[in-house]
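Asks: Dumping the structure here so I can ask a few things about it.
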Amino acid sequence: PPLHTILNSRDFEEVASRTLDAKTWAFYSSAATDCVTRDANKSLFERLWFRPRLFRNVRDVSAKTRMLGREIGLPLFVSPAAMAKMVNPEGEKGIAKGCVDAGVPQCISTNASYPIEEIVPCAPKSHPFFFQLYVNKDRSKSETLLKHVRSLGVDAIFVTIDAPVPGKREADERVRADESLATPMSGAKATNDKKGGGLGRVMASYIDPAFTWEDLPWLKRCWKGKIVVKGVQSAADARRCAEEGVDGIVLSNHGGRNLDTSPPTLMMLLECHRLCPEIFSKLEVYVDGGIRRGTDILKCLCLGATAVGLGRPFLYALNYGQKGVEHCIDILRDELETSMRLIGITDLSQVRPGLVNTAAVDHL
Ligand code: FNR
């Protein structure tokens, strides 16, 4: 269907489910075991209500904000995702180009299908990129990679902690992998083995499951830029991140792809509000997982998030190349600005917890 008939991120997903080859659909859409967390990430947003404050002038609205010290066009970023080339040959380069006009940052995965030096030049120098790091069992490889990333002008990394081992993704195991698939920055190659062709599993074997809090000083020695910890899932770990002096955290369960029945991301955000409210003034809090609508974004911001990440929606939009990514961002901007006006705010400095009613989820 033509792009102008796509009205929301669900439409992109529906088209992807019908048009992607079986392996790409399995890899992108799948999650761990029964996919409970993947689905709950999304559905929990339906149980949080707004508390609009109206009868205000909402003619002019701006959804610009700041993230990690830089101005960004919208309070969202592209979450890091492996192998975007599977959906479209433009891959991560198409995502980069599609983000430029809107000023939306892209976090490039260690498992990207293009090396970072081919992605970053797709946007002007001022465009914000982040790099997602999976720490290699051979630490010297990570050190070399980080030096390379820094030399390209990238000043923030997201280090992923929720995937010391890959989750059990059955849909992905069931479909054979194309053994020519590779991720240039990690040196991983797809294979099929006795367990099947699960890309999440076979491409992750270089990741160090023994990377711990005690390694943070090592990371700070080899990366002088900003550090964001991605995959925090409890108030206790969020507090520890604040104590360790990192610049930000992503409350994330990897889109439900690793530990099934780990809490939906909105629940984690509410838990941080209750149990460690002090962290919000010490570091930036981001949320990713299940965010599909402007209202989802706005709810997270009201509860203290600085920005949110979206993973699958951008992969499905990339089905239409750069233009699809642009269209996806336009839709999200329109939805966000509309819902800002409808709760009675015109600028993101006005978001606050009082604008949402958490009664239905307070007992969770
Ligand atoms: C991911 N995610 C991910 N995260 C990460 O830190 N490094 C990675 O390489 C990948 N790869 C990856 C591939 C695919 C196909 C998906 C769908 C996801 C997780 C991603 O960054 C993010 O946390 C989730 O995608 C957010 O959930 P939604 O928006 O997809 O619901």
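Laboratory data are not the source of any read-out in this text; all were calculated from the coordinates shown. It should be emphasised that the depicted structure is a prediction, and the values quoted were computed from it without experimental measurement. We place every Cβ from the backbone using ideal geometry, glycine too, and count neighbours over all the protein chains shown.
Asks: Once each part is reduced to its C-alpha centroid, what is the distance from segment 49-69 to segment 334-364 in angstrom?
Replies: Distance between centres, Cα-based: 8 Å.
Asks: Mean residue ellipticity at 222 nm from the helices of the chain, using -39,500 (n - 2.57) per DSSP H segment of n ≥ 4 over the full residue count, to the nearest 500 deg cm²/dmol?
Replies: When only DSSP H runs of four or more count, the value is -10000 deg cm²/dmol.
Asks: Using Cβ contacts closer than 10 Å as the measure, can you line up Leu336, Leu342 from fewest to most?
Replies: Leu342, Leu336
Asks: Quick one: work out the % antiparallel among DSSP beta bridges in the chain, nearest 5.
Replies: 25 percent
Asks: Lys and Arg at +1, Asp and Glu at -1: add these up for the other residues within a Cβ distance under 15 Å of Asp208 and post the number.
Replies: Combined, the nearby Lys, Arg, Asp and Glu give -2.
Asks: Reachable lysines from Lys220, Cα under 23 Å, same-chain residues fewer than 8 places away excluded?
Replies: Correct list for Lys220: Lys137, Lys141, Lys147, Lys230, Lys282.
Asks: So which trypsin sites (Lys or Arg not before Pro) in segment 1-73 are both in a DSSP loop and have at most 14 other Cβ atoms within 10 Å of their Cβ?
Replies: Arg53, Arg56, Arg59, Lys64
Asks: Can you give the Rg/Rh ratio of the chain, where Rg is from the C-alpha atoms and Rh is the Kirkwood radius?
Replies: 0.94
Asks: Ok, one more. Could you list, in their original order, any pairs among Lys64/Lys93; Lys64/Lys226; Lys168/Lys194; Lys93/Lys125 whose Cα atoms are separated by more than 19 Å?
Replies: Lys64/Lys93; Lys64/Lys226
Asks: Shifting gears a bit: Mean-square fluctuation check for the chain, GNM, Cα pairs under 10 Å: which of Glu13, Glu173, Glu46 is largest?
Replies: Comparing Glu13, Glu173, Glu46 in the GNM, the peak value goes to Glu46.
Asks: Straight-line reach from Lys23: which aspartates and glutamates fall under 17 Å, measuring Cα to Cα and dropping same-chain residues less than 8 apart?
Replies: Qualifying aspartates and glutamates at Cα under 17 Å: Glu13, Glu14, Glu170, Asp172, Glu173, Asp178, Glu179, Asp193.
Asks: Please identify every one of the trypsin sites (Lys or Arg not before Pro) in segment 200-259 that sits in a loop by DSSP and has no more than 12 other beta carbons within 10 Å of its own beta carbon.
Replies: Filter output for segment 200-259: Lys224.
Asks: Calculate the length of the line joining the C-alpha centroid of segment 158-172 to that of segment 276-309, in whole Å.
Replies: Each part's Cα centre sits 22 Å from the other's.
Asks: Could you list the chymotrypsin sites (Phe, Trp or Tyr not before Pro) in segment 38-100 that lie in coil according to DSSP, counting only those with at most 14 other Cβ atoms within 10 Å of their Cβ?
Replies: Phe55
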